[in-house]
Amino acid sequence: MCIFCKIISGDILNKTILENDKFLAFEDINPLRKIHILIIPKEHFNSFEQIPANIMGQMTSFIQELTKKLNLNKDGYRLITNIGEHGGQEVEHLHFHILGGEKVGKLLG
Ligand code: AMP
């Protein structure tokens, strides 16, 4: 079982920000900015390459609900997903990073 599946099953603790039956948003353990949240589907997909478009649509709604809840939609934020080796992906369970709470700059730190 991958590390994020263990978070979903409760075997690894997390700081949950928002959750529903299909998705989970939680704090990144190693925050790169004031706000650094990871959003994952509860169903395992290795990366953005595997997620079906209809589930990605539901994930989009979930992310928008999260950014409204945190008032990030007003000042903005960065939303990224790393894909594969060249994309710098370390955890092979699709996740989006939200970075915000301050100006994040042109490049990730
Ligand atoms: P990536 O390089 O896109 O695969 O990002 C993986 C992210 O997962 C990194 O930002 C890590 O800090 C984060 N991470 C790894 N393990 C945990 C964990 N147990 N709880 C929260 N975040 C984690």
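Results, tabulated for the structure shown:
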| read-out | value |
| --- | --- |
| Accessible-area ranking of Lys34, Lys22, largest first, probe 1.4 Å | Lys34, Lys22 |
| Theoretical FRET efficiency, 1/(1+(r/R0)^6), r = Cβ-Cβ of Asn46 and Asp75, R0 25 Å, to 0.05 | 0.15 |
| Stokes-Einstein D (µm²/s) once Rh is taken as the Kirkwood radius of segment 4-46 over alpha-carbon pairs, at 4 °C in 1.567 mPa s | 120 µm²/s |
| Contact order relative to length of the chain, as percent, for alpha carbon pairs under 8 angstrom and 6 or more apart | 31 percent |
| Probe 1.4 Å, protein heavy atoms only - accessible area per residue of the chain in square angstrom | 63 Å² |
| Mean-position separation - Cα centroids, segment 31-58 and segment 79-96, in angstrom | 9 Å |
| Ile83-Lys6 pseudo-label distance in nm [points 7 Å out on the Cα-to-Cβ vector] | 2.8 nm |
| Pairs beyond 26 Å (Cα-Cα), from Lys34/Lys74; Lys42/Lys106; Lys68/Lys103; Lys6/Lys103; Lys6/Lys74 | Lys42/Lys106; Lys6/Lys103; Lys6/Lys74 |
| Ile39, Ile83, reordered so the largest accessible area comes first (probe 1.4 Å) | Ile83, Ile39 |
| Pairwise FRET efficiency - Thr60 versus Lys34, Cβ, R0 = 25 Å, nearest 0.05 | 0.60 |
| Folded to 0 to 90 degrees: helix 53-69 orientation relative to the chain principal axis, Cα | 40 degrees |
| Cα convex hull of segment 45-104, projected area averaged across orientations, nm² | 4.5 nm² |
| Pairs of Cα atoms farther than 24 Å apart, the chain, % | 20 percent |
| CD proxy at 222 nm, helix term only [per DSSP H run n ≥ 4: -39500 (n - 2.57); per residue of the chain; nearest 500] | -8000 deg cm²/dmol |
| Accessible carbon and sulfur surface of segment 1-85 relative to its total accessible area, %, 1.4 Å | 50 percent |
| Set of aspartates and glutamates with alpha-carbon distance to Lys69 below 15 Å, sequence-local pairs under 8 removed | Glu19, Glu27 |
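The values are calculated or read from the model by the stated rules, or taken from the named source; none is laboratory data. Quick caveat: nothing in here was measured; it's all calculated off a predicted structure. Every residue, glycine as well, gets a Cβ built from its backbone with ideal geometry; the counts of neighbours run over all protein chains shown. These area figures cover heavy atoms from the full protein model, side chains too; ligands, DNA and RNA do not enter into them. Shrake-Rupley method; radii C 1.70, N 1.55, O 1.52, S 1.80 Å.
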